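I have placed the structure first, in the form of structure tokens, so that the comments after it can refer back to it.
The values are calculated or read from the model by the stated rules, or taken from the named source; none is laboratory data. Note that this is a predicted model, so its numbers are computed, not measured. For neighbour counting, all protein chains shown are included, and Cβ atoms are generated from backbone atoms with ideal geometry for every residue, glycine included. For accessibility, only protein heavy atoms count, side chains too; no ligands or nucleic acids. Shrake-Rupley method; radii C 1.70, N 1.55, O 1.52, S 1.80 Å.
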Amino acid sequence: MPDSRPPQPDDHATGAAADDGTALILCGARLTDGRIVDVRLGGGRIEAVGTTGSLIAPGARVDLRGYLLLPAPAEPHAHSDTALTADSAGPGSSGPASHRPEDIQRRATEAALLQLGHGATALRSHVRIGAVTGLAPLEAVLQARRSLRGLAELTPVAVPRLLTGVAGADSLAMLRDAVKTGAGVIGGCPDLDPDPAGYAEAVLEIAAEHGCPVDLHTDGDDPARLARLAAMAAGLRPGVSVGPCAGLDRLPRDIAIRTADRLAAAGVTVVCLPQGGCRAAERRGTAPVRLLRAAGVRVAAGSGALRDAANPVGRGDPLEAAYLLASQCGLHAEDAYEAVSTVAREAMGLPEVRVEAGFPAELLAVRGEQLSGVLSLAYSRIVVHRGRVVARTSAVREYCDSDTVVALDLPRQSRPDPGPGGGP
């Protein structure tokens, strides 16, 4: 978080609505193609994109000079029910994290707001059901979802522990109840069941019954198991995602390529976790992103654990995930950002976003001029959801008086003086 937050001349625009019939104009934003434009939002959508100063409408204006305007990222793999619990483990802790519904709701809400501040206006959160807690964690996350309405979209994924044999009979019934309760996606961890293939088959069957997407945890280190999953998932609508699949990177290359080909043919999306694992993935690493993309697999990137036992320093920042895809996996900055925005939204069944008229007003403005610089130093951010500014993070960097600093003409974080078409 920034250590200082000076007043800005257009701060009154934070919270300004464009989905209630009142237009909101984003002034002087830079697009990835280098154009400097004004963008008018209304009715939750982008109404017009024009040259600076060309769009006139009553209502609030937000000065975006010095910012790069992007489609907002989405978070395809969160664990909001266990987020922010890392301090409850280890020496000196006050004891295990509370699993009371009100505490889960509070954590899920806070975690979603932290990720919204990073830019993610839509989140898919895996929530474990069954055992002692039953559906209580899911119901708590659904309460968080309702409290976040208008700020961010939170979709819970029901994750049962076992689904096969005598022990899994109750979980099967509970999974069906979870869908009726409001789980938008059916998930699970087939690797943890005594019969992984039977587990996956049960999930896919229930998903087909209810028309739900599927999102499964798997390490992906068993190519035969992944191939069978791909065969079962082929043609299932509205879609199947698996992740984090770090085990694919430990397979011999020829076997990994054949497995990737099967996933691509089945239309299965892989959600990798460049920032670390999650509670269902004990082994670290990242899926072989370039190999999967070369095979035609749709690869999205998620954040995974947000400061829980699996990753006590997890940030839940999609721009960091994109940065790691670029720096560690060798993706171009544009492809890396698409993995956390366009591809992530597609994997989550969300409509496409472009900075063009007619598209949903789900946007992220980040201080910077080029995408590579934004992924490197993504400090100040302005987040737009449904045509409304819902979050703002302002970072200030100052140097002492120095001829060296003056001579280099380093960019300042403070905003330029308001000019034509900029500011309120």
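Could you list, in sequence order, all residues of the range 373-401 that are open to solvent by 40 Å² or more (accessible area, probe 1.4 Å) and either modelled with pLDDT of 95 or more or out of contact with any helix residue (DSSP H, G or I) (no Cβ under 9 Å at 6 or more places or on another chain) (or both)?
The initial filter retains those residues of the range 373-401 that are open to solvent by 40 Å² or more (accessible area, probe 1.4 Å), namely 376-377, 379, 386, 388, 396-401.
Selection gives Leu377, Tyr379, Arg386, Arg388, Val396, Arg397, Glu398, Cys400, Asp401.
Would you pick out the residues in the range 181-192 that are under 17 Å from Ala140 (Cβ atoms) and surrounded by fewer than 22 Cβ atoms within 10 Å (Cβ to Cβ)?
Thr181, Gly182, Gly184
Just need a number here: residues in the range 228-240 that are assigned to a helix (DSSP H, G or I) and of a type in the set (Lys, Arg). Give the derivation first.
Here is the first cut: in the range 228-240, the ones assigned to a helix (DSSP H, G or I) are 228-233.
Right, trim to of a type in the set (Lys, Arg) and you get 228.
Selection size over the range 228-240: 1.
Determine the pairs where a residue that is under 23 Å from Leu377 (Cα atoms) and open to solvent by 10 Å² or more (accessible area, probe 1.4 Å), located within the range 68-80, has a partner that is of a type outside the set (D, E, K, R) and part of a strand (DSSP E or B) with Cβ atoms under 7 Å apart, the partner being 6 or more residues away or on another chain.
Pro71/Leu363
Out of all the residues in the range 112-156, which are part of a loop (DSSP other than H, G, I, E, B) and at positive phi?
Here is the first cut: in the range 112-156, the residues part of a loop (DSSP other than H, G, I, E, B) are 119-121, 131-133, 135, 148-152.
Result: Gly119, Ala131, Gly150.
What tally of residues in the range 119-149 results from selecting those that are without any contact (Cβ under 8 Å) to a residue 40 or more places away in the chain and open to solvent by 50 Å² or more (accessible area, probe 1.4 Å)?
Filtering the range 119-149 down to residues without any contact (Cβ under 8 Å) to a residue 40 or more places away in the chain leaves 131-133, 136, 145-146, 148-149.
Keeping just the survivors that are open to solvent by 50 Å² or more (accessible area, probe 1.4 Å) gives 131-133, 145-146, 149.
Selection size over the range 119-149: 6.
Out of (1) modelled with pLDDT of 95 or more; (2) open to solvent by less than 10 Å² (accessible area, probe 1.4 Å); (3) under 20 Å from Gly134 (Cα atoms), the odd one out for Ala152 is which?
For Ala152, the exception is condition (3).
Counting residues that are among the charged types (D, E, K, R), which helices (runs of 4 or more DSSP H) fully inside the range 326-415 reach at least 1? Even if it seems obvious, please write down each step before you answer.
Numbers: elements: 333-340, 342-347, 371-376, 403-408.
Because the criterion is at least 1 residues that are among the charged types (D, E, K, R), the helices (runs of 4 or more DSSP H) in the range 326-415 that meet it are 333-340, 342-347, 403-408.
Evaluate the following for Leu248: is it farther than 18 Å from Gly184 by Cα and open to solvent by less than 30 Å² (accessible area, probe 1.4 Å)? Spell out how you get there, then give the answer.
On the way: farther than 18 Å from Gly184 by Cα: yes; open to solvent by less than 30 Å² (accessible area, probe 1.4 Å): yes.
Here the answer is yes, as Leu248 does meet what is asked.
From the list Pro360, Pro318, which residue is touching an Asp or Glu at 6+ places or on another chain (Cβ under 7 Å), under 23 Å from Gly150 (Cβ atoms) and in contact (Cβ under 8 Å) with a residue 24 or more places away in the chain?
Pro318
Open to solvent by 20 Å² or more (accessible area, probe 1.4 Å) and under 25 Å from Arg345 (Cβ atoms): is that true of Gly358 in this structure? I'd like the intermediate steps shown before the answer.
Details: open to solvent by 20 Å² or more (accessible area, probe 1.4 Å): yes; under 25 Å from Arg345 (Cβ atoms): yes.
Yes; evaluated as a whole, the condition is true for this residue.
For the range 210-225, what are the residues that are within 24 Å of the chain's Cα centre (by Cα) and on the phi < 0 side of the Ramachandran plot?
So in the range 210-225, the residues within 24 Å of the chain's Cα centre (by Cα) come out as 211-220.
Matches in the range 210-225: Cys212, Pro213, Val214, Asp215, Leu216, His217, Thr218, Asp219.
Here are the criteria: (1) of a type in the set (A, V, I, L, M, F, W, C); (2) surrounded by fewer than 24 Cβ atoms within 10 Å (Cβ to Cβ); (3) over 23 Å from the mean Cα position of the chain (by Cα); (4) assigned to a helix (DSSP H, G or I). Tell me which single one Leu162 does not satisfy.
All conditions are met except number (4).
Looking at the range 218-227 only, could you name the residues that are surrounded by 18 or more Cβ atoms within 10 Å (Cβ to Cβ) and assigned to a helix (DSSP H, G or I)?
Hits for the range 218-227 are Pro223, Arg225, Leu226.
Somewhere in the range 205-217, is a residue under 14 Å from Val271 (Cβ atoms), open to solvent by 10 Å² or more (accessible area, probe 1.4 Å) and not in a helix (DSSP H, G or I)? Reasoning before the result, please.
Start the filter on the range 205-217 by keeping residues that are under 14 Å from Val271 (Cβ atoms), which leaves 213-217.
Pick out the ones that are also open to solvent by 10 Å² or more (accessible area, probe 1.4 Å) and you get 213.
Retained after the next criterion (residues that are not in a helix (DSSP H, G or I)): 213.
Checked the range 205-217: at least one residue is under 14 Å from Val271 (Cβ atoms), open to solvent by 10 Å² or more (accessible area, probe 1.4 Å) and not in a helix (DSSP H, G or I).
So in the range 324-351, with the set limited to residues that are without any contact (Cβ under 8 Å) to a residue 40 or more places away in the chain and surrounded by fewer than 16 Cβ atoms within 10 Å (Cβ to Cβ), which one is nearest to Gly314 (Cα to Cα)?
Ranking the candidates gives Ser327 first.
Can you name the residue in the range 228-245 that is in contact with a strand residue (DSSP E or B) (Cβ under 6 Å, 6 or more places away or on another chain) and in contact (Cβ under 8 Å) with a residue 60 or more places away in the chain and, of all such residues, is surrounded by the fewest Cβ atoms within 10 Å (Cβ to Cβ)? Even if it seems obvious, please write down each step before you answer.
Here is the first cut: in the range 228-245, the residues in contact with a strand residue (DSSP E or B) (Cβ under 6 Å, 6 or more places away or on another chain) are 233, 240-245.
From what's left, in contact (Cβ under 8 Å) with a residue 60 or more places away in the chain: 241, 243-244.
Numbers: Ser241: 24, Gly243: 28, Pro244: 29.
Per the stated criteria, the residue is Ser241.
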